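Below you'll find the structure, written out as structure tokens, and then a few comments.
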Amino acid sequence: MKTIIADDHAVVREGLKQLLSTVDQLTVSGEAADGEAVHRLLNEGAADLLILDLGMPGVSGFQFIANLKAEWPELRVLVLTANVEPRSVRAAFSAGAKGYLTKSGDPSELIAAVDAVRKGNLYVAEEVRFAVDQHDGSNETPEPTAAITSPITLTRRERQILGMIPHGATSRDIANRLGISPLTARKHRENLMRKLDLHSGAELTAYAIRLGLSAG
């Protein structure tokens with residue numbers, strides 16, 4: 001199984017390589033320190049598994065996973081991160097990840113995760129497994145349809161604003177449409193970008209279009 005290790009810390013990549021050297025029929029075919037390098041490696045040759053740190057430069061959060069899966073559907077993504085937020089765990093799987101490991105977890109979990117993913121199963125680190133178990137509970141309140149399509153759950157107001165973005169709506173346009181002040185509209189937009197881990201208006205527009213949200 002050809003594997004790419006993507007983390008912006010060389011010492012982490014070296015540690016992962018040593019751990020993976022004990023796995024049969026697995027070859028580390030490349031290393032990446034940013035999102036651009038991940039794309040370059042995937043374009044240069046096929047890979048079966050990507051071990052991905054979401055905190056790297058050039059990685060636009062969970063959207064990065066969704067984009068990779070759209071271009072390389074057979075690629076299996078195993079997230080390795082310091083983020084233990086339950087919402088992030090669910091968002092990663094919604095975006096297409098096959099596994100979620102925490103950097104504070106036991107090193108042996110990496111081997112278990114690789115084995116599970118290789119067999120076509122999902123793997124959730126012990127430290128954050130409760131996030132998935134809770135989400136699967138019958139007491140969960142169903143989310144609106146539009147929120148389900150987004151890896152990150154959005155409020156009604158956020159979905160309203162996101163739906164106007166592809167139409168070129170400015171903060172003033174949004175304010176007039178929703179009956180709020182331009183300052184409040186701008187704050188909503190900034191909070192939305194921060195929540196989705198997007199860094200420009202273009203990224204926000206692309207995200208909205210991908211979800212198929214419309215104004216109204």
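The values are calculated or read from the model by the stated rules, or taken from the named source; none is laboratory data. Since the model is a prediction, treat every value here as computed from it, not as a measurement. Ideal geometry is used to build each Cβ from the backbone, glycine not excepted, and the neighbour counts take in all protein chains shown. Quick note on the areas: whole protein, heavy atoms, side chains included, nothing else; ligands and nucleic acids left out. Shrake-Rupley method; radii C 1.70, N 1.55, O 1.52, S 1.80 Å.
Below is a table of values for the structure above.
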| quantity | calculated |
| --- | --- |
| Degrees between helix 201-211 axis and first principal axis of the chain (Cα, 0 to 90, nearest 10) | 80 degrees |
| Charge tally in the Cβ shell below 14 Å around GLY99, where Lys, Arg are +1 and Asp, Glu are -1, GLY99 excluded | +2 |
| Net charge contributed by nearby residues that have their C-beta within less than 15 Å of GLN25 (K/R +1, D/E -1) | +1 |
| Cα-based shape type of segment 1-118, given that a ≥ b ≥ c are square roots of the gyration tensor eigenvalues and the cut on a/c is 1.5 | rounded |
| Cα long-axis angle, helix 182-196 against the chain (0 to 90 degrees, to the nearest 10) | 20 degrees |
| Residue-span extension gain [GLU85 to SER108] - 0.36 nm each, minus C-alpha spacing | 6.1 nm |
| MRE, 222 nm, helices only [DSSP H, n ≥ 4, -39500 (n - 2.57), over the chain, to nearest 500] | -14000 deg cm²/dmol |
| Length released on extending from MET193 to GLU36, taking residue separation times 0.36 nm less the Cα-Cα span | 54.4 nm |
| Point-to-point label distance, GLU74-ASP115, nm (Cα→Cβ direction, 7 Å offset) | 2.5 nm |
| Helix 10-20 vs. the chain, principal-axis angle (Cα, 0 to 90°, nearest 10) | 50 degrees |
| The chain: antiparallel DSSP beta bridges as a percent of all, rounded to 5 | 0 percent |
| Cβ-derived FRET efficiency at R0 30 Å, ALA10 paired with SER200, nearest 0.05 | 0.60 |
| Rounded accessible area of LEU196 (nearest 10 Å², 1.4 Å probe) | 10 Å² |
| Nearest-20 debye value, segment 1-129 charge dipole, Cβ charges on Lys, Arg, Asp, Glu | 360 debye |
| Where SER21, SER171, SER29 fall by accessible area, highest first, once all protein chains stay in place (1.4 Å) | SER21, SER29, SER171 |
| Pairs beyond 18 Å (Cα-Cα), from LYS17/LYS103; LYS2/LYS119; LYS2/LYS98; LYS17/LYS69; LYS98/LYS119; LYS2/LYS69 | LYS17/LYS69 |
| Whole-Hz couplings from phi, Karplus 6.51/-1.76/1.60, listed for segment 105-119; x for Gly and Pro | x, 6, x, 5, 5, 4, 5, 5, 5, 4, 5, 5, 5, 4, 7 |
| Cβ-placed point charges (K, R +1; D, E -1), dipole of the chain about Cα centre in debye, nearest 20 | 1000 debye |
